[in-house]
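*Asks:* Take a look at the following structure, please.
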Amino acid sequence: MSWQIGYATSTDGITWKKHELNPVMGIGGAGSLDAQFVGFPSVIFDSDRELFRMWYCGGKEDIIGSIGYAETYEPAWMELTPMDIRLGQAISASIDSVIYVFGGSDAQLNEVSSARAFDTRANSWSLLADIPYKVSYGHAEAINGKVYVLGGWYTINGEPVTRASTLEYDPSGDSYLEKAPSPEPNGTAATCIL
C-alpha cells in the first residue's frame, strides 16, 4: 500500500470537491525517505510569502516516518531538502520561516535527543544544541520568538514512560531553559495557542 496526499475544497465543510490533479504530493523516487508513503499533512497559508507550506510524514521499507517539508503557490507541491536523519514521532514548531524539530525516534525506534532547524527560505537544515533528554511523541508551540517543548515519551527498560517536562528553547542563543512541569505527564496530547 502506498499513501499519497490529495487536495479537496469545500465551501461548507460538508460537501467536498477533489482536485483534478490528485494526488498533489506523491511518493518519492526509489531509495528516497518517502519512497513508500507520504501522509499526515499539516498545511498553513503563509500570508507574508503568499504560498502554502506543508509538513508531512514519509517513509519506506520499515515504515519509520521522516518529516518532509514542501511549499507551493498552487495545489501542486515541490519537495525540498530532506532531513539528514530518518526520524519518526519528532516534536516540531515553527517561527517565521524556520521549522524547529526536537527529539523523535530513529529507524531502530530509539528516542533521540538531537534537534534541528529547517530554514524554508534557504531550503537548508542545521543542527541545534541537543535537548537535555531523549524524547518522542511530545508537542511544541512557538510563542514570542521561543519554542516550548512539552511532555513526550521515553523508554526505560523497554517500557514507555510519559514526561511532564516543559522546556523553553531560545533560538537566539541555541539554548534551553527548564520551566514548570505540567500537572500530569503527557505524551501525545494536543496543544494550541489561544
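*Asks:* Which of I156, I95, I27 ends up with the largest GNM mean-square fluctuation for the chain, with Cα atoms connected below 10 Å?
*Replies:* Looking only at I156, I95, I27, the biggest GNM fluctuation is shown by I156.
*Asks:* Quick check: at a probe of 1.4 Å, how many percent of the accessible area of the chain sits on carbon and sulfur atoms?
*Replies:* Working: 5800 of 10740 Å².
The C+S portion of the solvent-accessible surface of the chain is 54 percent.
*Asks:* Also: Under a 1.4 angstrom probe, counting protein chains only, how are W153, W3 ranked by accessible area, largest first? Mind dumping the intermediate values first?
*Replies:* Details: W153 75, W3 110 Å².
The ordering from most to least exposed comes out as W3, W153.
*Asks:* Label E159 and K17 with points 7 Å out from Cα along Cα→Cβ: what is the distance between them in nm?
*Replies:* Distance between label points: 5.6 nm.
*Asks:* Calculate, for the stretch 1-53, the solvent-accessible area per residue in square angstrom, rolling a 1.4 angstrom probe over the heavy atoms of the protein chains. Before the final figure, lay out the partial values.
*Replies:* On the way: 3680 Å² over 53 residues.
Per residue, the stretch 1-53 has 69 Å² of solvent-accessible surface.
*Asks:* When only the heavy atoms of the protein chains count and the probe is 1.4 Å, how do T81, T15 rank by accessible area, highest first?
*Replies:* Values: T81 55, T15 95 Å².
Result, largest first: T15, T81.
*Asks:* Along the Cα→Cβ direction, 7 angstrom out, place labels at N144 and A129. What is the inter-label distance in nm?
*Replies:* Each label point is offset 7 Å from its Cα along the Cβ direction, giving 1.9 nm.
*Asks:* At a probe size of 1.4 Å, how large is the accessible area of K179, to the nearest 10 Å²?
*Replies:* 80
*Asks:* While we're on this one: Given the options D34, D48, D96, state which has the largest fluctuation in a GNM of the chain using a 10 Å cut-off (strictly under) for Cα springs.
*Replies:* Greatest mean-square fluctuation among the candidates belongs to D48.
*Asks:* What residue among F102, F45, F37 shows peak mean-square fluctuation when the chain is described by a Gaussian network model with Cα springs under 10 Å?
*Replies:* In the Gaussian network model the winner is F45.
*Asks:* With a 1.4 Å probe and every protein chain left in place, work out the accessible area per residue of the stretch 103-194 in Å², rounded to a whole number. Each step should come with its number before you reach the end.
*Replies:* Details: 5060 Å² over 92 residues.
Normalised by residue count, the accessible surface of the stretch 103-194 is 55 Å².
*Asks:* Taking a ≥ b ≥ c as the square roots of the eigenvalues of the Cα gyration tensor of the stretch 91-188, is the shape rounded (a/c under 1.5), prolate (a/b larger than b/c) or oblate?
*Replies:* Details: a/c = 2.18, a/b = 1.39, b/c = 1.57.
It comes out oblate by the Cα gyration axes.
*Asks:* Over the Cα atoms of the chain, what Rg and Dmax result, in angstrom?
*Replies:* In Å, with Rg to one decimal and Dmax whole: 17.2, 51.
The values are calculated or read from the model by the stated rules, or taken from the named source; none is laboratory data. Bear in mind that the values here come from a model prediction, so they are computed numbers and not experimental data. Neighbour counts are summed over all protein chains in view; Cβ atoms, including those assigned to glycine, are modelled from backbone coordinates with ideal geometry. Note: accessible area is taken over every heavy atom of the protein model, side chains too, but ligands, DNA and RNA are not part of it. Shrake-Rupley method; radii C 1.70, N 1.55, O 1.52, S 1.80 Å.
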